[in-house]
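To start, the structure itself, in structure tokens.
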Amino acid sequence: QVQLVESGGDSVPAGGSLRLSCAASVILISRNYAGWYRQRPGKKRELVASVPGGGSPNYFDSVKGRFTVSRDDAKNTLYLQMNSLKPEDTAVYHCNVGGPFGKWGRGTQVTVSS
């Protein structure tokens, strides 16, 4: 059974950093589109960063220069390094593999205090 398990969410002050991880089982991240989405309070889920199977990363405008998406194919794990965090980054962050109709993790909470 395909599983995506996120970890790394925490509560940090503005300006802090976090690294989120998404460990995948069964499905290979290296061969699929993979991305991080977030759902902020009262907002629709939005794409934060993505890595197409063989392409370059893409980022939501508001996180460019602050967030970096990467993957470790040997560990079949997707990462999101988040620096210079802002209160508006507070959200539940979800890992996705295979696009909107693919597989989703349950999410990890990131809270940034001002």
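The values are calculated or read from the model by the stated rules, or taken from the named source; none is laboratory data. All figures in this text were calculated on a predicted structure; none of them were measured in a lab. No Cβ is skipped: glycine too gets one built from the backbone with ideal geometry, and neighbour counts run over all protein chains shown. All accessible areas refer to the heavy atoms of the entire protein, side chains included, with ligands and DNA or RNA removed. Shrake-Rupley method; radii C 1.70, N 1.55, O 1.52, S 1.80 Å.
In summary, Glu6 fulfils each of the numbered conditions (1) among the acidic types (Asp, Glu); (2) in contact with a Gly (Cβ under 6 Å, 6 or more places away or on another chain); (3) over 23 Å from Phe101 (Cα atoms) with the single exception of condition (3). When the residues of segment 93-114 are filtered to those that are hydrophobic (A, V, I, L, M, F, W, C) and open to solvent by 40 Å² or more (accessible area, probe 1.4 Å), the one that is nearest to Arg40 (Cα to Cα) is Trp104.
Annotation: of all residues in segment 53-79 being open to solvent by less than 70 Å² (accessible area, probe 1.4 Å) and touching an Asp or Glu at 6+ places or on another chain (Cβ under 9 Å), the one that is nearest to Arg19 (Cα to Cα) is Tyr79.
Among the residues of segment 25-52 satisfying the criterion of being open to solvent by less than 30 Å² (accessible area, probe 1.4 Å) and over 14 Å from Gly107 (Cβ atoms), which is modelled with the highest pLDDT? Here the residue is Ala49.
Taking the criterion of being in a loop (DSSP other than H, G, I, E, B) and out of contact with any strand residue (DSSP E or B) (no Cβ under 7 Å at 6 or more places or on another chain), the residues of segment 50-65 that qualify are Pro52, Gly53, Gly54, Gly55, Ser56, Lys64, Gly65.
So which residues in segment 58-88 are in contact with a Gly (Cβ under 7 Å, 6 or more places away or on another chain) and under 15 Å from Asp10 (Cβ atoms), if there are any at all? Working first, answer last.
Within segment 58-88, the subset in contact with a Gly (Cβ under 7 Å, 6 or more places away or on another chain) is 84-85.
Leu85 - this is the single residue of segment 58-88 that is in contact with a Gly (Cβ under 7 Å, 6 or more places away or on another chain) and under 15 Å from Asp10 (Cβ atoms).
For the subset of segment 2-24 comprising residues that are outside any strand (DSSP E or B) and open to solvent by 40 Å² or more (accessible area, probe 1.4 Å), which member is modelled with the lowest pLDDT? Step by step, filter segment 2-24, then rank; the result is Val2. For segment 67-85, indicate whether the set of residues that are in a helix (DSSP H, G or I) and at pLDDT 95 or above is non-empty. No, segment 67-85 contains no residue that is in a helix (DSSP H, G or I) and at pLDDT 95 or above. The residues of segment 3-23 that are over 15 Å from Pro87 (Cβ atoms) and of a type outside the set (Gly, Ala, Ser), listed by number, are Gln3, Leu4, Val5, Glu6, Arg19, Leu20, Cys22.
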